[in-house]
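In what follows, a single structure is set out as structure tokens and then discussed.
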Amino acid sequence: MAISLKVNGATRSVDAEPDTPLLYVLRNDLELNGAKYGCGLTQCGACTVLVNGAARRSCVTPVGSIEGNEVTTLEGLGTLDKPHPLQKAFIDEQAAQCGYCASGMIMAAADLLNRNPQPQEADVRAALADNLCRCGTHNRIIRAVLRAARQNGRI
Amino acid sequence: MDAPRLTRRDFTAALGGIVLSFSLVPKVVFGQDPARLPGSLQTNRTLDAWLRINADGSVTVFTGKVELGQGIVTALAQIAAEELEVPLSRVTMISGDTGRTPNEGQTAGSQSIEQSGTALRMAGAEVRALLIDLAAKKLGAAADTLKVTDGVINAPDGRKVGYGELTAEADLKREATAKARPKPAAQHKIVGKSAPRIDIPAKMTGGAAFVQDLRLPGMVHGRVVRPPRYGARLDSFDEARVKAMPGVIAVVRDGSFLGVVARREEQAINARLVLIEFAKWSGGSELPDPAKMYEQLMSLRSEDRVIGEKDAPVPVGAKVLEATYHRPYQAHAAIAPSCAVAELKDGKLTVWTHSQGVFPLRATIARALGLQPRDIRCIHAEGPGCYGHNGADDAAFDAAMLARAVNGRPVRLQWMRDDEFKWEPYGPAMTMKVKGAVAGGRVVGWTFDVWSQSHNMRPGDPDGINLMGSWYLADAKRPGPARHAAQPNGAGDRNAITLYDFPRQRTTHHLIMENPVRTSALRTLGAYANVFAIESFMDELAAAAGIDPVAFRLAHIKDERERAVIEAVAKAAAWKPGEKGDGRRGRGIGYARYKTVATYIAVIAEVEVNRTAGIVKVPRIWTSADAGQIINPDGLTNQIEGGVIQSMSWTLHEHVRFDRNGILSEDWMNYPILTMPDVPKVETVLINRPNERALGAGEAAQGPTAAAIANAFAAATGRRIRELPLTPERVKAALA
């Protein structure tokens, strides 16, 4: 059935069952790469997006439940040419090894900066506690979030 | 020249690509062996296999090594740009494609800079010299008066010719001679600098960066169903029910291989669940009893080899110590399960894969499916970091199986989280027994025995088909046998031979020939556990001798570079000779030279022990590393610090849970890893040696980090834990 969604500021209509996890609609129907499949169980955070500015695990969010809400993915934050302060900070800090977790990390950090624009390091660690990184890039990610905060990385 | 000699016995999967590529070595007249060329030029001998100069002056670089999140593609681009004197922005990298790139076997073992980097350095220098010669003819100037800047060759009188203008004349379809001299380190402008990673901007902005992001026209979605335990047979399942589900295009069953293809991804996921619900399985193999796992593994048939021996009498009256260490099965646990896209069109199979070795994978898929390698093309596309042989190759095979069922349509096959956790080949459980003797403050006797299953069950084996899905086909294929690998690389015995200057030592590798739990290559192979054991025992011997652990190590090392990293880390951490823990806090050191021939690295860890909860925290870690000539300092730091943190996760948290009926670790709840709040501060001191060979570094930190943490725990508490990981149960038991 047709479902109307507001994603990254644009209204989009997709033909999917309402119980379809938002993740697959974003990736396959809207061809957005940001949100990633990692576990499908809300355990790893790779699929994190913002719904009305708050972090949400898209792997278990039924697409039918968020009709009329504002969804923001990594692509909605900024672009290669005009990156969001968080994206720029992640690039400047080279805060990736494989980079698969990066989108979820950035979206969880965006949620943090919306709530707390001047976080301390402990706040960043706590906010990203449920986002897993397997390569051991954590310290760079923490530095990137703190750098973005200094540059007022609110959205 | 001697051609490399490899006996079947010494064959390892890590060398598979090299063996496979011998047939590509051109036959030389007079029946002589061709000249030995450096790095991977030896097996991919023409210049145009590596480099192409384009008419617009840009350069295309081909490498058989692939990006795994270790930054290798950027580092290789730096090397090529440096030798060719072109800006990094004008280099395009093509990596890991059986249709286009050199065959460099697996991207594994921290060997890419040494193999591919060496080839690109030599080929780059030769192509630059060749272009300068062409320009000299064109300009009527002597070659040695010409200077290259940013891909333009300049004569002293101001005339110039760009690389792009020479492409028509430049014949790179010739065998490399490796006679051109690469630039001396003092002239390097790109190598040695922290060039930003080529792949990172796309990954931070939602660009298509991973195989998961590939969307081909008409692409459909696949899932597979695995048995409840190793080796079980599929007796029946409800095909009709699944075929009637929305979107289902094909149900694929071949023996006990079961999969489904659907129009939409969530439809494939739902169909998989129904397949699982109604499938009936029988048989399968029992796993070891976890409570007696190490004894059971050591009782299995093993092939034993003494790999190092130096004889001297043990003085009378020496103090003798013995200890046994264990490391459990540990998972690669990539942040996402494996994925592949496959398409079968007009009899040609194309597979996009995050395999570490597209050539060995192609050869093995061909054998598994009865196809000719020339009818298969495997193209690397990045996946989540793999840290060794995980499910990537198996997923590629599964995707090929599903693609055959929907002829012409590309299939994207994504393993689910439990597929990866339960079916990936783990890093093997290992036991290390060490016996040492000290007299007069010196180690005077050393015996080291290591027991392990195979660490090399990758595709590319000549006698088996190491693709898991193929073992379940009606015409079931068999995996290859466990094999010894020659030192110094080794496998389960990697880093088992101590580098310390002991007058007497004997090292034996007991290769377990059976595979009760599926295993293969996990970052460092056996080095993680062997270094953990050697370096733990060095601290035990130091304590027996009453000598500070740092001083005790230095007393057994002559080599200046080895000493330098230990001295540098002790300085960075402000190590105080004879420093003592206070029951709760303490520090420890670990040292190794990876593979005994690659990066030198020393690590100091500080731990804080919560004695009642049994929890070990590691607030700080210091490292010092000498990787020879540094290509990209920031990239090297990233690899080393990542290795430190991953190893800390292995050491404190990680072990695969199972019972006799099957694997129990199926997601992050029952395979927990280190998380953000517990990540230590890491300080790294790099020792650059621009005039020395660049050494493999990507895996160097794992073993020393484990030892440093275990030694710090012992320093803090006076108790030693010899079985990994340092779980709260073991900590409490040790402190009881």
Note to self: With in contact (Cβ under 8 Å) with a residue 24 or more places away in the chain and in contact with a His (Cβ under 7 Å, 6 or more places away or on another chain) as the only criterion, which of A:LEU77, A:LEU22, A:LEU50 stands out?
What the structure shows: A:LEU77
Item checked: Which listed residue, of B:ALA542, B:ALA527, is among the small types (Gly, Ala, Ser), assigned by TED's automatic domain parsing to the domain that holds B:ILE601, within 17 Å of the chain's Cα centre (by Cα) and modelled with pLDDT of 95 or more -> B:ALA527
Check: Do you know which of the residues in the stretch A:1-45 that are of a type in the set (Lys, Arg) and away from chain B (no Cβ under 12 Å) is farthest from A:ALA127 (Cα to Cα)?
Finding: A:ARG12
Check: In the stretch B:550-578, how many residues are over 29 Å from the mean Cα position of the chain (by Cα), in contact (Cβ under 8 Å) with a residue 12 or more places away in the chain, more than 21 Å from B:VAL644 (Cβ to Cβ) and not in a helix (DSSP H, G or I)?
Finding: 5
Note to self: Out of everything in the stretch B:464-489 that is in contact with a strand residue (DSSP E or B) (Cβ under 6 Å, 6 or more places away or on another chain) and in a helix (DSSP H, G or I), what residue ends up being nearest to B:ASN390 (Cα to Cα)?
What the structure shows: B:GLY469
Note to self: Checking the condition at the interface with chain B (Cβ under 8 Å from one of its Cβ atoms), among the aliphatic types (A, V, I, L, M), free of Cβ contacts under 8 Å to residues at least 60 places away in the same chain and over 20 Å from A:ARG56 (Cβ atoms), which residue from A:ALA129, A:ALA96, A:ALA149 passes?
What the structure shows: A:ALA96
Note to self: Going by what's in this entry, would B:GLY635 be described as buried (at least 21 other Cβ atoms within 10 Å of the Cβ), at pLDDT 95 or above, in contact with an Asp or Glu (Cβ under 8 Å, 6 or more places away or on another chain) and not in a strand (DSSP E or B)?
What the structure shows: no
Margin query: For the structure I just gave you, tell me whether A:ARG134 is within 29 Å of B:SER647 (Cα to Cα), buried (at least 21 other Cβ atoms within 10 Å of the Cβ), at the interface with chain B (Cβ under 8 Å from one of its Cβ atoms) and of a type in the set (D, E, K, R).
Written below: yes
Next item on the list: Determine, yes or no, whether A:THR48 is within 30 Å of B:LEU522 (Cα to Cα) and either within 8 Å of chain B (Cβ to nearest Cβ) or surrounded by fewer than 19 Cβ atoms within 10 Å (Cβ to Cβ) (or both).
Entry: no
Margin query: If I filter the stretch B:663-705 down to residues being in a helix (DSSP H, G or I) and within 22 Å of B:PHE421 (Cβ to Cβ), which single residue comes out as farthest from the other protein chains (Cβ to nearest Cβ)?
Written below: B:GLN702
Next item on the list: Among the strands (runs of 3 or more DSSP E) lying completely within the stretch A:37-103, list those that include at least 2 residues that are among the charged types (D, E, K, R) and either under 15 Å from B:ALA202 (Cβ atoms) or modelled with pLDDT of 95 or more (or both).
Entry: A:54-57
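Each row is one residue, and each column tells you yes or no for (1) in contact with a Pro (Cβ under 8 Å, 6 or more places away or on another chain); (2) of a type in the set (D, E, K, R).
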position: B:VAL656; (1), (2): yes, no
position: B:MET669; (1), (2): no, no
position: B:PRO680; (1), (2): yes, no
position: B:ASN688; (1), (2): yes, no
position: B:GLU692; (1), (2): no, yes
position: B:ALA697; (1), (2): no, no
position: B:ILE709; (1), (2): no, no
position: B:ARG730; (1), (2): no, yes
position: B:ALA734; (1), (2): no, no
Note to self: Could you check the stretch B:373-410 and list, in sequence order, the residues that are of a type in the set (Lys, Arg) and farther than 25 Å from B:PHE62 by Cα?
What the structure shows: B:ARG404, B:ARG409
Note to self: Could you tell me how many of the residues in the stretch B:708-730 are closer than 15 Å to B:MET538 by Cα and crowded, with 19+ Cβ neighbours inside 10 Å?
What the structure shows: 10
Notebook entry, point to check: Hey, any hits in the stretch B:603-623 for a residue that's surrounded by fewer than 24 Cβ atoms within 10 Å (Cβ to Cβ) and within 19 Å of the chain's Cα centre (by Cα)?
Noted result: no
Margin query: Looking only at the stretch B:235-252, count every residue that is under 15 Å from B:LYS280 (Cα atoms) and crowded, with 19+ Cβ neighbours inside 10 Å and tell me the total.
Written below: 2
Notebook entry, point to check: Which one is surrounded by the most Cβ atoms within 10 Å (Cβ to Cβ) among residues in the stretch B:35-82 that are outside any loop (DSSP other than H, G, I, E, B) and among the small types (Gly, Ala, Ser)?
Noted result: B:SER40
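The values are calculated or read from the model by the stated rules, or taken from the named source; none is laboratory data. Here the structure is a predicted model, which means the values were calculated and not measured. Positions of Cβ are backbone-derived with ideal geometry, glycine not excepted, and every protein chain shown enters the neighbour counts.
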